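To start, the structure itself, in structure tokens.
The values are calculated or read from the model by the stated rules, or taken from the named source; none is laboratory data. This structure is a prediction, so every number in the text was calculated from the model and none was measured. Neighbour counts are summed over all protein chains in view; Cβ atoms, including those assigned to glycine, are modelled from backbone coordinates with ideal geometry. These area figures cover heavy atoms from the full protein model, side chains too; ligands, DNA and RNA do not enter into them. Shrake-Rupley method; radii C 1.70, N 1.55, O 1.52, S 1.80 Å.
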Amino acid sequence: HITNRLLHRFANCSRGPFAIIRHVGRRSGKPYETTIMIWPQGDSFVIALTYGPEVDWYRNLLAAGHATLLWHGRVYAIGKPEPIDAKTALPAFPLVFRPILRRRVQHFVQVKFSEPSPATLGEATRSP
């Protein structure tokens, strides 16, 4: 949880691979925000499942079929994730991150997004 709070601050920056995914608990119905590692690829985002596919945010996204992302000061609506292999996913990320991801991450997904809208100041600075 400490790591998530620290990365949450980085996700509010205008650079880097961290984003905040806003999702709803599949059983509780409560809204959540989780910091994730992403990078765009065409009309999609590639997401590194850094803690594997059993994490709650990912399972919530699968159940709901949609969520929103706050990335680089913009809000994106995203759809249902589709698993992709590392060979396809890694080129989406900046070169500096690839060796780390290659060694540490086994699962990646891709999500389509709709046109972004600028985040309001509250959206950009809100913390969980």
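Quick notes on this one:
- Accessible area of L95 (1.4 Å probe, protein heavy atoms only, ligands and nucleic acids ignored): about 130 Å².
- T35, T88, ranked by accessible area, largest first (probe 1.4 Å): T88, T35
- Segments 62-70, 19-27 sorted - mean Cβ within 10 Å per residue, highest first: 19-27, 62-70
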